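The values are calculated or read from the model by the stated rules, or taken from the named source; none is laboratory data. The structure presented is a predicted model; accordingly, all values stated were derived computationally and were not measured. Note: ideal-geometry Cβ built from the backbone for every residue, glycine included; neighbour counts use all protein chains shown. Just the protein is used for accessible areas: all its heavy atoms, side chains included, with ligands, DNA and RNA removed. Shrake-Rupley method; radii C 1.70, N 1.55, O 1.52, S 1.80 Å.
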Amino acid sequence: MTTAAVVGIGDISGNHLSAIADNPAIDLVAVCDVLPARAAAAGQRWGVPSFTDHLTMLAETRPDVVHITLPHYLHAPVAIDALRAGSHVLTEKPLAHTVAAGRELADAARASDRKLAVCFQNRYNPTSRALHDAVQSGRFGEIRGVRATTFWSRGAAYYAAAPWRGTWAQAGGGTLINQVIHTIDLLCWMLGAPSDVSGSASNLRLRDVIEVEDAAVISIVHDSGVRSTFFATGAHTDNAPVEIEVSCSEGLLRFTGGALRHVAPDGTVTPLAADTQATGERSYWGRSHGMLIDDFYAGLDSPEPFWIGADDALVSLQVLRTVYAQSGLIPADEL
């Protein structure tokens, strides 16, 4: 039985706690949050000791795995503490709130004999895997270019519920680092690491509410030679489906609304994959959190590192922080 602890009892922690409870090979031994009432409520709900200090929790319970579901600026320091205490780490995205902090964590992970995973769970969606395989295999011909869009709604109430989200010091950014980082990760996983990044980010709607951006346009030239271009905003009226369209010499690969289709040059449409929606609270996050968590635990005895590690997560973080610097939102020497 592998023991686990969860540090940070916010919205996304429920996905981790549920996945732990659903896996008979995992034994939850502790929860931790700096807010005593929240920590105590989670401890009572899940029947485990609760803590308000992660160092005390690490010393007293010595979990095999620590799940980090904290504000962005705490990901790296708490993960480093957990690695040094001898725990494996599964942290929510982003790897850190800055590239410098992310590199520090990556260095700590390389120096440790423990595993570190970053929760880019959308890579586990059937549509994402099918799209990745279609692009990598070349079965639809030469890839000419890729476009993507994210039109979501994150208003004043979203930021008021967790004020750290609207600050550079604690979140490291807005729409790009909070939501669109998943799309950036998928594009770079599918097309290769960026060789050139150009973009512009700005605050369109919430200038009196948050410091950070709520919209951006980005162009990436990947090391495969393919260019991806996408527009993203959290200033839309509602949450529209993420769209990714790959232009191939033999038609289009279109992902939208949880479905992937091939559109042939003659207009024939062929379904390729579809995602299964989860049920219950926060169901829009899908089932892939549990899939990633189960996969991480299944590979703990393997000598190989987890396939979505610190270096992988640095790629998307570097892209978005570069765009912030290009837009004059952060100093160029403070990525």
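Tabulated results
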{"read-out": "Relative frequency of Cα-Cα separations exceeding 25 Å in the chain, percent", "value": "52"}
{"read-out": "Share of carbon and sulfur in the accessible heavy-atom surface of the chain [1.4 Å probe, %]", "value": "51"}
{"read-out": "Full-extension gain in nm, residue 22 to residue 295, via 0.36 nm per residue minus C-alpha separation", "value": "97.0 nm"}
{"read-out": "Residues with amide H under 5 Å from that of residue 251, placed H, sequence gap 5 or more", "value": "none"}
{"read-out": "Using alpha-carbon coordinates, inclination of helix 288-298 to the longest axis of the chain, degrees", "value": "60"}
{"read-out": "For region 40-111, the spread of Cα positions along each principal axis, largest first, Å", "value": "37, 22, 16"}
{"read-out": "For region 105-232, radius of gyration divided by Kirkwood radius, i.e. Rg to Rh on alpha-carbons", "value": "1.02"}
{"read-out": "The chain - share of DSSP beta bridges that are antiparallel (%, nearest 5)", "value": "60"}
{"read-out": "Qualifying trypsin sites (Lys or Arg not before Pro) in region 193-265, DSSP loop, other Cβ atoms within 10 Å at most 13", "value": "207"}
{"read-out": "Orientation-averaged projected area, Cα convex hull of region 196-335 (nm²)", "value": "12.6"}
{"read-out": "Label point 7 Å beyond Cα of residue 249 along Cβ direction - residues of region 207-236 with amide nitrogen under 18 Å", "value": "224-227"}
{"read-out": "Added length on full extension, which subtracts the Cα-Cα distance from 0.36 nm per residue, residue 52 to residue 34", "value": "6.0 nm"}
{"read-out": "Contour minus Cα-Cα distance for residue 164 and residue 110 (0.36 nm per residue)", "value": "16.5 nm"}
{"read-out": "Helix-only [θ]222 nm of the chain, DSSP H runs n ≥ 4, -39500 (n - 2.57) each, per residue, nearest 500", "value": "-10500 deg cm²/dmol"}
{"read-out": "Label zone at residue 11, where the point sits 7 Å out along the Cα-to-Cβ direction: region 284-324 residues whose backbone N lies under 11 Å", "value": "284-285"}
